[in-house]
1. Considering the range 85-107 alone, what residues qualify as being exposed (fewer than 15 other Cβ atoms within 10 Å of the Cβ) and either free of Cβ contacts under 8 Å to residues at least 12 places away in the same chain or assigned to a helix (DSSP H, G or I) (or both)?
2. What are the residues in the range 64-82 that are buried (at least 16 other Cβ atoms within 10 Å of the Cβ), touching a residue at least 12 places away in the same chain (Cβ under 8 Å) and part of a helix (DSSP H, G or I), if any?
3. Name every residue in the range 108-120 that is out of contact with any strand residue (DSSP E or B) (no Cβ under 7 Å at 6 or more places or on another chain) and surrounded by fewer than 17 Cβ atoms within 10 Å (Cβ to Cβ), in order of residue number.
4. If you go through the range 1-22 one residue at a time, how many are touching a residue at least 12 places away in the same chain (Cβ under 8 Å) and either out of contact with any helix residue (DSSP H, G or I) (no Cβ under 8 Å at 6 or more places or on another chain) or within 16 Å of residue 107 (Cα to Cα) (or both)?
5. If we keep just the residues of the range 1-23 that are assigned to a loop (DSSP other than H, G, I, E, B) and touching a strand residue (DSSP E or B) at 6+ places or on another chain (Cβ under 9 Å), which is farthest from residue 61 (Cα to Cα)?
6. Hey, could you check the range 24-63 for residues that are within 15 Å of residue 7 (Cα to Cα) and not in a helix (DSSP H, G or I) and say which is modelled with the lowest pLDDT?
7. If residue 123 satisfies every condition in (1) in a helix (DSSP H, G or I); (2) modelled with pLDDT of 95 or more but one, which is the exception?
């Protein structure tokens, strides 16, 4: 099995809106066509936007959504203490670390300081 990914909110929104560069869009499409993974926080951020309609709900419903577990919660607390990371980013990072996933995000600066976390900007791919 190849590398597994957690797709961050900014990439999901740009994918849905067809705002990614063509090469990035193709890369993300390949992941989404197989099966894509997001954090419950990504679900909340995407569906919590006032423009999210039924089509976006259906799209998010196709994802493997990783809920908060005790292990993710504890890792989130550790990351918040160690790196002073914003709560949503800490939950996303903890989710990726606990599940050994690479985060695909354009906001690499939000995650790059976290030791052991693999981060990929789709526009660099």
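1. Residue satisfying the conditions is 87 alone.
2. Result: 72, 75, 76, 79.
3. 109, 113, 115, 116
4. Summing the residues that are touching a residue at least 12 places away in the same chain (Cβ under 8 Å) and either out of contact with any helix residue (DSSP H, G or I) (no Cβ under 8 Å at 6 or more places or on another chain) or within 16 Å of residue 107 (Cα to Cα) (or both) in the range 1-22 gives 15.
5. Residue satisfying both the conditions and the ranking: 3.
6. Going through the qualifying residues, I end up with 35.
7. Against the list (1) in a helix (DSSP H, G or I); (2) modelled with pLDDT of 95 or more, residue 123 comes up short only on (2).
The values are calculated or read from the model by the stated rules, or taken from the named source; none is laboratory data. All figures in this text were calculated on a predicted structure; none of them were measured in a lab. When we count neighbours, we look across all protein chains shown, and the Cβ atoms used for this are built from the backbone with ideal geometry, even at glycine.
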